[in-house]
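Reading through the structure tokens given below for one structure.
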Amino acid sequence: MNRIGWESLPSTVRSAVERHVGPVSGSTDASTGMNSTVACALHSTYGTVFVKAAEHGHPWAAQHTEAVINPYVTRISPRLLFHVDGSGWDVLVFEFAPGRSAELCPDSPDLDLVADVVTALGQLPLPELDLPTVQEHFAKDAQSEDLEQLAGRDLLHLDLNPDNIRVGLKAQIVDWASPTVGAAWVDVAGLIVRLLDAGHTPETADRWARRLPAWRAAPASGIAVHESVNARSWARTAQKAPFPWAVRLADAAERWLRYRHLVDSVAGCGDVRGGAVMTVPGQGRLSRPASPRVLVSGPVPPAGSVPAARDVPTVAASLDAVQWIRVSGGRIPAGEWHPAQDAADLWWAAAPLAQGGLPVTGLTLLQAAQLAAFLGGRLPTSAEWEWMAGGGRRRFPWGDEAPATGTANLRGIGPGCPTPVTAHPGGRTPEGLWDVGGNVWEWTSAPWRRDRVALVRGGSYNSLAQYASCAHANDVPGHLSSPGIGIRPVRHTPPTSGEAA
């Protein structure tokens, strides 16, 4: 969903909100979530509140659902203060939940608070509402008789990701887009996959989950069903919309599946039909060999088509001629991924490195850095890339207009595969750089959160429009390669004689 700011809402809507909260002195846009067109903290004379707004009829919006469920979850979630509906917009105004997204890595102090709030979630009374069941949620991934193992009379959130758990003095659960009826331990099982993605081993994630009463009471046969359907569900998500985060979670779900199969085989546990523990059919799994792994920002390649490890000198020798364009430095505003800092004058490759006109892909972060060094340069930092793209000065590399066929190769306005790096003249930056937004992601050198995680910028041919914005970044494991990640090196000195300028 493309985000807009508070000031972009119709004046009648803003006035209606201000009648409740007082004159607004400023706003801070949320950096996470995809179900609202506007998501921001509003700062007013009466204090700070949190606003979520979506146009009427938007297919992803969950405004009505959140409004209906809120009175039943205020023990663990911010309270809905009021609801404004008018001028084609649906607006929810919540208490502001101070804090940040939960950190789930193995040594995180947040884990105790997360355990407390998930335990409290499992103890909430089930509201007398017409809510969908967990069996309906997973109906595409298993037979109905198997899914009965997940049934219960508890309220489920069904999306306990780190951004939906806000941690301050206590933890709170936000974004109730999919309240569901089922067994309380199902939410814990879903959270375990998030723990694996954050760096836990299956053993340590299982050990942490056993602190929770709902998980200790979970039947082994039910866990066997859930691990299978959840792995298949994540695999299907990653195949359909293969963003890096989706592929990581599909991988984590599959690792949890393999671990639980081993545990169950040792314990002699079978499924409800008395046979072997359920397995995920191969048709629903990601098609990729064990090494190299694929981090996709384009469709998952079929088995055998994953880029092989690249020989960097060979790649360097076969590159198209590289042109370098100078981008003046300046003061880089603070962003989601970096503090405010100064940018030097730098020379940038005019387009992603290419062979035969098409972008070079299939390089790990280390290989990309080596290739940049071969050309007398280096990888840019994430902050430098954002400055080059136009961060703080324009929304997209080419300006503030939304992407169109002539500006970028993105999902819905491109052919669904990489295109030549000079195929979109309307998307050039004012300095003349090609393909900064769309076609292939671009490696940057600055790691984020853990040393195995780096940032890619710019979006790819399978990315939604917002991923091509100057400010957006995706976190990816640096040792992975992808058919949707390329490289744009930078250098401090102009090209010497014999090099293209």
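Details
- Yes/no for P483 being modelled with pLDDT under 90 and in a loop (DSSP other than H, G, I, E, B): yes
- Boolean, D107 is more than 24 Å from G5 (Cβ to Cβ), modelled with pLDDT under 95 and either in a strand (DSSP E or B) or of a type outside the set (G, A, S) (or both): yes
- Scanning the stretch 48-66 for residues that are of a type outside the set (S, T, N, Q), closer than 21 Å to T12 by Cα and open to solvent by less than 70 Å² (accessible area, probe 1.4 Å) returns V49, F50, V51, K52, A53, A54, E55, H58, A61.
- Filtering A408, A389 for residues that are closer than 20 Å to V490 by Cα and either open to solvent by less than 40 Å² (accessible area, probe 1.4 Å) or within 23 Å of the chain's Cα centre (by Cα) (or both) leaves a single hit, A389.
- Being assigned to a loop (DSSP other than H, G, I, E, B), open to solvent by 60 Å² or more (accessible area, probe 1.4 Å) and either more than 21 Å from G458 (Cβ to Cβ) or at pLDDT 50 or above (or both) is a condition met by at least one residue of the stretch 337-350.
Rundown of residues vs (1) touching a Ser or Thr at 6+ places or on another chain (Cβ under 8 Å); (2) modelled with pLDDT under 95; (3) outside any loop (DSSP other than H, G, I, E, B), yes/no style:
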| site | (1), (2), (3) |
| --- | --- |
| A373 | no, yes, yes |
| R393 | no, yes, no |
| A404 | no, yes, no |
| A408 | no, no, no |
| G412 | no, yes, no |
| P415 | no, yes, no |
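- Among the residues here, E145 qualifies as over 23 Å from the mean Cα position of the chain (by Cα), surrounded by fewer than 20 Cβ atoms within 10 Å (Cβ to Cβ) and assigned to a helix (DSSP H, G or I).
- Unique residue being of a type in the set (K, R), farther than 29 Å from S481 by Cβ and either in contact (Cβ under 8 Å) with a residue 60 or more places away in the chain or open to solvent by 20 Å² or more (accessible area, probe 1.4 Å) (or both) when the list is R326, R378: R326
- Which numbered condition I165 fails, given (1) surrounded by 15 or more Cβ atoms within 10 Å (Cβ to Cβ); (2) more than 20 Å from L196 (Cβ to Cβ); (3) touching a residue at least 60 places away in the same chain (Cβ under 8 Å): (2)
- Matching residues, the stretch 201-222, being without any contact (Cβ under 8 Å) to a residue 40 or more places away in the chain, open to solvent by less than 40 Å² (accessible area, probe 1.4 Å) and either assigned to a loop (DSSP other than H, G, I, E, B) or closer than 15 Å to A151 by Cβ (or both): A218
The values are calculated or read from the model by the stated rules, or taken from the named source; none is laboratory data. If you're wondering where the values come from, they're calculated on a predicted model, not measured in any experiment. Cβ sites come from the backbone with ideal geometry, for glycine too, and all protein chains shown count toward neighbours. Accessible surface is based on the protein model in full, side chains and every heavy atom, while ligands, DNA and RNA are left aside. Shrake-Rupley method; radii C 1.70, N 1.55, O 1.52, S 1.80 Å.
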